[in-house]
Amino acid sequence: IDIDAAHSRFGLHIKGPTVNGISVFGLIEADFLGDARAADSNFRLRHAFVRFGYQDFTLTAGQTWHPLFLTEMFPQKANTGVGVPMHPLSRNPQLRLAWKANQATELSVSFIEQNNFKTAGFPKGSEFSQMPEITLQLKIGGTGPAFAALTAGYKRLAIPDAVDTLKTNAMVNGMHAQASFRYKFPQFTLRTAALYGDNLSELAIPGGVGRVKGSTNENPEFASLATGTLWADINSDREKWD
C-alpha cells in the first residue's frame, strides 16, 4: 500500500435549504495525487458539483464520477487505483438527470465532457467534437441483497490536427456498454462487472484509434480499437476474525 502525504484529501459537503420542494446539495473535494511526474504532490480537483432534487428527479451539474464508475459497487482495494485497468476510473464534468421510478429502480441520462481524464492522443477531441458523450444507465435493486446496473453510451472525438494534417474535420465514433452485479451473502459480498467499448483510454483502460486501411488523405477514416474487461471482487463482511 502506498501511503504518503499526497493521499491527504479534504472537501466540503454543503446542504442548502429546500425551497418549493427543491432540495440543493453541493460537494467540492480535492487531494494532492496530481501528476506523478511532479513527485505525487500536485494539487488536483476531484469533485465539484451541485445536485438539485425535486420529487423523484435529481439533476447533477459539475465534475463527479463517470457513470461507468458505480459508487454502489467497485473493487474494494486499499490503493487509489480501484482495479484499473480492468475497472474504469474517471471523473468528468457532466449534466446527469436521474429519475427514481420506485424504491429499487433508477434511470438516468448523462451528458459528459472530458477534463482531467482525457482520451490518449486527443487533448481537445471531446471539446471539438461538437457534441458531448451521452450515457444511459439503469439501476435495479439496492434495497435487498442484490443490485444490478446496465450502462451504455456513445461518444464522438475530433481527430487532432497533428494526425488529420489536411484538417478535414474527421471524427471517430465509439460505443461502450457495461453490465454490473452485486450480491450480499451472509458472510461476504460478491461484486462483478463486464465492460466492452471503443477506445476507453480516458477510463484508464487500454485503447486507441487506428486509421482505416485504404482511406485517402483527402477523406481519412479512423476507427476505435475495442477493449473488453471482466472483473470480480469478493470481500468478507465480518467485523472481526476469531
### Query
Is the shape of the stretch 1-130 best called rounded, prolate or oblate, per the rule: a/c under 1.5 gives rounded, else a/b larger than b/c gives prolate, else oblate, with a ≥ b ≥ c the square roots of the Cα gyration tensor eigenvalues?
prolate
### Message
Under a crude label model (7 Å from the Cα following the beta-carbon direction), how far is residue 183 from residue 161 in nanometres?
### Response
5.5 nm
### Message
What does the net charge come to around residue 220 if you take all other residues with beta carbon closer than 9 Å to its beta carbon, with K and R at +1 and D and E at -1?
### Response
-2
### Message
With a 1.4 Å probe and all protein chains kept in place, how much accessible area does residue 140 have, in Å² rounded to the nearest 10?
### Response
90 Å²
## Note on the structure
The lysines whose Cα lies under 30 Å from the Cα of residue 167, excluding any fewer than 8 residues away in the same chain, are 118, 124, 155, 213
#### Entry: Accessible area in the full protein assembly, largest first, 1.4 Å probe, for 183, 54
54, 183
## Note on the structure
Between residue 168 and residue 79, the FRET efficiency computed from the C-beta separation at R0 = 45 Å comes out, to the nearest 0.05, as 0.55
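Between residue 237 and residue 136, what length comes free when the chain is fully extended (0.36 nm per residue of separation minus the Cα-Cα distance, one decimal in nm)? Show your work: numbers first, answer last.
Details: separation 101, 0.36 × 101 = 36.36 nm, distance 3.13 nm.
Length gained between residue 237 and residue 136: 33.2 nm.
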### Query
Stretch residue 225-residue 18 to full length: gain in nm at 0.36 nm per residue minus the Cα-Cα span?
69.8 nm
## Note on the structure
Order by accessible surface, 1.4 Å probe, largest leading, for residues 171, 73, 86 comes to 86, 171, 73
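Using packing as a proxy for protection, rank 113-123, 195-205, 147-157 so that the peptide with the highest average count of other Cβ atoms within 10 Å comes first.
Numbers: 113-123: 16.9, 195-205: 22.5, 147-157: 20.0.
Result, highest mean first: 195-205, 147-157, 113-123.
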### Query
Which of the lysines could be linked to residue 184 by a straight reach, that is with a Cα gap under 20 Å, when you skip same-chain ones fewer than 8 residues away?
77, 139, 240
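The values are calculated or read from the model by the stated rules, or taken from the named source; none is laboratory data. Only a predicted model underlies this, so the values are computations on that prediction, with no experimental measurement involved. Glycine gets a Cβ as well: all are built from the backbone with ideal geometry, and neighbour counts include every protein chain shown. These area figures cover heavy atoms from the full protein model, side chains too; ligands, DNA and RNA do not enter into them. Shrake-Rupley method; radii C 1.70, N 1.55, O 1.52, S 1.80 Å.
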